[in-house]
Structure formats: structure tokens, C-alpha cells
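Throughout, read-outs are computed from the coordinates displayed, never taken from laboratory work. Computed from a predicted model, the values in this text were never measured in an experiment. Every residue, glycine as well, gets a Cβ built from its backbone with ideal geometry; the counts of neighbours run over all protein chains shown.
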Ligand SMILES: [Zn+2]
């Protein structure tokens, strides 16, 4: 009765990632489930969903999760985050995962037999945050994995994990979702989103990014592009005015607002290059700003446009690593992008 009210997302219902899901399914069918997996790929594409789906699959009481929505007790508990044998460690808000976390949450528990399922599954989200000591402690667990345990590390930056950890995990690499899949998801799950076509293009194949692309994001995107286009190198006032407008948005936004500014400029440059080279309008992200994009891209050649990516990278590095003055860095950046 309860199961009917809960939306059970079976493995096949997770959108995209067909080869990855097929690989995992076949490891179950062939009874070759690894002790440890490393799921790597971009933010927000569904790595955790697949991990939880896989945990359901290997613990499913009536083996239905492979083909359809399954409402068995084990699947329902996993879906609700209440399965004592499926543990997800995300450590939200924590910059690093420390050795004590690994000892308390994994080392201590992994040697206990599963309570009521065939497998004990440990999912560590954002595994690249494990610091050196935590990774060393974790490695010991990987070297002597207890039977009936499965560890799934999820990361956007696999190379921040020690090679000795990576080599002991079965690697599953995830790609961004196709724009079409994101659009279908939005049309079905989030019909309120204003323009699914535009939002799916902006998402870069990430569902979480698509969901964050709201009215306010779209307004800011237009504002940042306006600021860039308004700069005239011969009129310093236009530069100061644009930087002031961007800083106002940064102050009003969250801590990641500066990253949003860089992201928007980066996609703008990428679009300009696409327009200049292949001219494929289908591949343009900022499809609704095509006129302005043509204006920007038309004034510059490809090598000039490509050169501007380094201006962007330098500005990002200066600000993130050296705590450089944001105002000065933005002035430099806008000047270089507007030449
Ligand atoms: Zn089930």
C-alpha cells in the first residue's frame, strides 16, 4: 500500500547513461559485482541516481528492479533512504572528508554483515574531498574488502583520488546527458520551466544545472552579456559602468555568483567559435541571443576568439588562488574580452 504512494525510480527509469547502466546490469547478470566502483563525470548528470539504482538492483528481493518499477520492501526502503544496508555519505557543507569520517562511517560499519539484504552498499558522494589521511585510511578498506560489501565512490574529479584507490575500483565514466534528454526530462518533470529548449541547452547536459536555470538565472545571463557588449575600450566609463553592474549582481547573489559570471562568458565564447566555424545553429547554447552573438563573433576571427579563453582562465585562477582584487580582475577581463 505504501509502495503505491512512493515514486519508485527503477534502474531503467533513470534517464540517459545507457552504456553505463547496461555495464552494471550485465555485471549483476554475470554475477560479477565488484567490491568497489568509481563513478566519475560532470556534476548533476545523475551519477548518484545510478548508484542508488544499482544498490536497489543488487539488493532487490524479487529481482524486478532490472526491468520495471519495483515496490519490494528493500527497494522502497532504499528509495526513502531508510535501508540499513544502503548508506549514502554526502557530507554536505563539508569542504573535506576527514580520516575520522572514513573510520567512523565506513571502516567500522563495513565489517558488520548486512542486516536484511544480500549486500551492504556504501556510497560516498563527492569522494574527491577525502583528504590525504582519509584516502590512506580508505585504501586499507579497499585492500581487504569484506564479503557482501559494495563501495561506490562518486566524483567529479577522479584525478584527485590516489592512483592506488582508482586502480582498485571498477571505473564507470559518465558523460553529460544529451540536450534532448534534458529537454524531455524538463517537459515531463518540471513543466513550469519557461523554455525547456533554451534551458536544456544552457544545462550543458546536467539535470541539476537545468533545474537551477530559473528566471533569475536567465535575467542575469542577459545582464552579464549586456555588460560585456557595452564595453568600448576607447570609453573607460563604459568599462567602469559594466564592472559596477556585475559587482552589484555578485553582491546580491550567493558565493558562487562569480563562477556563474565566468561560466556565462565561457559559454558565450564557445558559442562565438561555433558560430564562426561550423555555423551550426543547433549547437548554439545562447540560441535566443543569436543576433548579439553574431555581432560579437562577426567582429573577431577564430584565433582571437580562442585567445580569449585564456583571459578567462587567468582571471579565474587569479581570483580563486591569489584572492586578487575582484574589481581589477573583472576590469582586465572585460577589456580583454571586448577588444
Ligand atoms: Zn525490489
Worksheet item: Using Cα atoms only, what is the angle between the long axis of helix 47-59 and the major principal axis of the chain, expressed in degrees (0 to 90) to the nearest 10?
Response: 10
Item to complete: Averaged over every viewing direction, what's the projected area of the C-alpha convex hull for the stretch 262-337? Give it in nm², one decimal, please.
Response: 4.9
Discussion item. With 10 angstrom as the radius, rank 35, 111 by how many other C-beta atoms surround their C-beta, starting from the fewest.
Written reply: 111, 35
Fill in: Ellipticity estimate at 222 nm from DSSP helix runs (n ≥ 4, -39,500 (n - 2.57)) divided over the chain, nearest 500
-16000 deg cm²/dmol
Item to complete: Starting from 0 in steps of 5 Å, tell me what percent of the Cα-Cα pairs of the stretch 156-207 lands in each bin.
Response: 4, 19, 21, 12, 9, 10, 11, 9, 4, 0
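Using Cα pairs closer than 8 Å and at least 6 residues apart in sequence, work out the relative contact order for the chain, in percent. Mind dumping the intermediate values first?
Values: 444 pairs, mean separation 55.1, N = 339.
So the answer I get is 16 percent.
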Worksheet item: How many percent of the alpha carbon pairs in the stretch 2-173 exceed a separation of 22 Å?
Response: 40
Response to the item:
Projected onto their principal axes, the Cα atoms of the chain stretch, largest extent first, over whole-Å spans of 72, 43, 35
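Once you keep just the Cα pairs under 8 angstrom separated by 6 or more residues, what percentage relative contact order results for the stretch 195-245? Mind dumping the intermediate values first?
Details: 21 pairs, mean separation 10.2, N = 51.
The value is 20 percent.
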Worksheet entry | Difference of contour (0.36 nm per residue) and Cα-Cα distance, residue 197 to residue 18 | 62.2 nm
Item to complete: Go through 281-292, 230-241 and give me the packing order, highest mean Cβ count within 10 Å leading.
Response: 281-292, 230-241
